[in-house]
Amino acid sequence: MMKEKIKIALIKQSNRELESSHIYLNMASWSESNGFDGVCNFLYDHSNEERYHMLKLIRYLNGRGGDFVKINYDNKFYIKNENYESLEIIFEKLFEHEKLISHEINLLLELSLKEKDHFTYNFLQWFVKEQIEEESLIKMLLNKIQLIKNNQLGIYLFDKSIKNIEINNKKL
Ligand code: OFO
């Protein structure tokens, strides 16, 4: 049976993943309305990926607890129509966000070790690998966009080349 502390921490993480999905979704919508069709597809796909992270946590929690996870609906997760001003700002924000998520995953690992929950520690290894991949992908894209700055041709080519990046659409 899962300890309450672990359960609460995993539910918090599933909410963070839902928030991540909405952050990517908002950015995808901004990119689409500003004509960046490559970037918007990348971000829409990534939004789905974050939703998958949330589902993975919910299904683990349900599988271990028997006590179903109730989903809370919170207004702050609704579409915000945020103005990001540039692709550089989008990738800066994403990189900061992914670093924050990595930090949270680290704290979860520490908690699972402290509580001697080796099942959860093992389950979280998937998220460790995922965060390493995501942080390095977003950093690589941020570096490129910082190099391009306001060069119109560079931005056009960046938008075109991002179409070749495959987001693994995983199955539960
Ligand atoms: Fe971006 O990895 Fe989940 O949040």
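Checked against (1) at pLDDT 95 or above; (2) within 16 Å of the ligand (Cβ to nearest atom), C40 passes all but condition (2).
Taking the conditions exactly as written (surrounded by fewer than 17 Cβ atoms within 10 Å (Cβ to Cβ), out of contact with any strand residue (DSSP E or B) (no Cβ under 9 Å at 6 or more places or on another chain) and modelled with pLDDT of 95 or more), does L142 satisfy them or not?
Values: surrounded by fewer than 17 Cβ atoms within 10 Å (Cβ to Cβ): no; out of contact with any strand residue (DSSP E or B) (no Cβ under 9 Å at 6 or more places or on another chain): yes; modelled with pLDDT of 95 or more: yes.
Here the answer is no, as L142 does not meet what is asked.
Among the residues making up the range 73-94, a single one is closer than 30 Å to M2 by Cα and either open to solvent by less than 60 Å² (accessible area, probe 1.4 Å) or at pLDDT 65 or above (or both): F77. Would you confirm whether any residue within the range 108-122 is part of a helix (DSSP H, G or I), exposed (fewer than 13 other Cβ atoms within 10 Å of the Cβ), at pLDDT 95 or above and polar (S, T, N, Q)? Within the range 108-122, one or more residues are part of a helix (DSSP H, G or I), exposed (fewer than 13 other Cβ atoms within 10 Å of the Cβ), at pLDDT 95 or above and polar (S, T, N, Q).
Could you say which residue among E17, E50 is open to solvent by less than 10 Å² (accessible area, probe 1.4 Å), modelled with pLDDT of 95 or more and under 21 Å from F123 (Cα atoms)? Explain how you work it out, then say what you get.
Numbers: E17 fails: modelled with pLDDT of 95 or more.
Unique residue meeting the criteria: E50.
The values are calculated or read from the model by the stated rules, or taken from the named source; none is laboratory data. In this text, all values refer to a predicted model and were calculated from it rather than measured experimentally. Heads up, the Cβs are rebuilt from the backbone with ideal geometry, glycines too, and the neighbour counts pull from every protein chain shown. The protein model used for the area step is the full one, side chains on, heavy atoms only, and it has no ligands, DNA or RNA in it. Shrake-Rupley method; radii C 1.70, N 1.55, O 1.52, S 1.80 Å.
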